[in-house]
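Structure first, then comments.
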Amino acid sequence: FLAFGDFGSKNTKQYRVAATMNRYASEMKQSLDGVLALGDNFYGKYTPERFKLHFEDLYEKDKLNCPFYACLGNHDYEYYNPSEHSGPRKMDAQLAYSQENPDSRWKMPKKWFSKEFSLDGKPMLRLISLDSNMREGDLTPQEKLEQKRFMEGVIEKGTSAPWTILM
């Protein structure tokens, strides 16, 4: 796994990090099981072509041909145009993209989710992705309760995987 966050800047720093990730992945002797996208996936104004330009094309599929498991950061709760305070939010686009493009490497099935990974049929890692955005207007009181119940259920279920990553 690789992990990175605060990456959706569409500036030279994002391009340099992407180039380094692409190079690192191509030099590995084995393929990655995934990339953890830790939030703030799209800074600034959002337009639909940004997924192609600043995700699909930038993180090269021939080098990083693995799922990108993504969670939301505070900037992902901004509206498409951060100077406006109405309309769709960037998080809506990210959740929709995952649903509408199931073959994409972008994996964000919900605001919070869990996934187990195995090696040779043996559980090795449990990934738990939560939404830690608790500012007013981010998660509703009902969502906070639902996420709390989700987390309690995941913990209660347990795992035989020796590793758990909470993102």
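The values are calculated or read from the model by the stated rules, or taken from the named source; none is laboratory data. Computed from a prediction, not measured in an experiment: that's the story for all the values here. Counting neighbours? That spans all protein chains shown, and the Cβs are built from the backbone with ideal geometry, glycine included. Please note that ligands, DNA and RNA were not included when accessible areas were found on the heavy atoms of the full protein model with its side chains. Shrake-Rupley method; radii C 1.70, N 1.55, O 1.52, S 1.80 Å.
Toward the positive end of the charge dipole of segment 1-152, about the Cα centre and with charges on Cβ (Lys, Arg +1; Asp, Glu -1), which of Met134, His54, Gly121 goes farthest?
Final value for the positive-end residue is Gly121.
Mean separation of Cα pairs under 8 Å and 6+ residues apart, divided by the residue count of the chain: what relative contact order is that in percent?
It rounds to 19 percent for the chain.
Rounded to the nearest 500, what is the chain's calculated 222 nm mean residue ellipticity when only DSSP H runs of at least 4 contribute -39500 (n - 2.57) each, over all residues?
About -8500 deg cm²/dmol.
Run the 1.4 Å probe and let me know the accessible area of Ile165, rounded to the nearest 10 Å².
60 Å²
What whole-number value in Å² describes the accessible area per residue of the chain for a 1.4 Å probe?
Accessible area per residue: 57 Å².
Could you pull out every residue, at least 5 positions away or on a different chain, whose amide H is within less than 5 Å of the one on Trp106? Hs are placed 1.01 Å off N in the peptide plane, and Pro or chain starts have none.
HN-HN under 5 Å from Trp106: Phe68.
Less than 24 Å apart at the alpha-carbon level, and either on another chain or at least 8 residues along: which lysines does that give for Lys111?
Lys10, Lys45, Lys52, Lys90, Lys144, Lys148, Lys157
With Cα extents along the principal axes in Å as the read-out, I listed (i) 60, 39, 35; (ii) 49, 41, 25; (iii) 44, 42, 36; which label goes with the value calculated from this structure?
Working out Cα extents along the principal axes in Å from the coordinates points to (ii).
Would you mind telling me the share, in percent, of accessible area of segment 48-146 contributed by carbon and sulfur at probe 1.4 angstrom?
Ligands and nucleic acids excluded, carbon and sulfur reach 52 percent.
Under 5 Å between amide hydrogens, which residues at least 5 positions from Gly5 or on another chain qualify, with H placed 1.01 Å from N in the peptide plane?
Amide H neighbours of Gly5: Leu38.
What trypsin sites (Lys or Arg not before Pro) does segment 67-167 have in DSSP loop regions with at most 15 other beta carbons within 10 Å?
Answer in residue order: Lys110, Arg135.
How many percent of DSSP beta bridges within the chain run antiparallel, rounded to 5?
So the antiparallel bridges amount to about 40 percent of the total.
Please give the contour-minus-distance gain from Asp103 to Gln142: 0.36 nm per residue of separation, less the Cα-Cα distance, rounded to one decimal in nm.
So the chain would gain 11.0 nm between Asp103 and Gln142.
Between Gly44, Gly73, Gly137, find the one with the highest GNM mean-square fluctuation for the chain; connect C-alpha pairs within less than 10 Å.
Taking springs between Cα atoms under 10 Å, the residue moving most is Gly137.
At 7 Å along the Cα-to-beta-carbon direction for both Tyr24 and Thr164, put a label point, then send me their distance in nm to one decimal.
2.6 nm
Please calculate the 1.4 Å probe accessible area of Met124, with all protein chains present, and give it to the nearest 10 Å².
Taking all protein chains as shown, Met124 has close to 60 Å².
Give the accessible area for Glu152 in Å² (nearest 10); use a 1.4 Å probe, count only protein heavy atoms, and leave out ligands, DNA and RNA.
90 Å²
If I stretch the segment between Ser31 and Ala3 completely, what's the gain in nm (0.36 nm per residue apart, minus their alpha carbon distance), one decimal?
Result: 8.6 nm gained on full extension.
Can you give the Rg and Dmax of segment 98-167 based on its C-alpha atoms, in angstrom?
Cα-based Rg and Dmax for segment 98-167 come out at 14.0, 44 Å.
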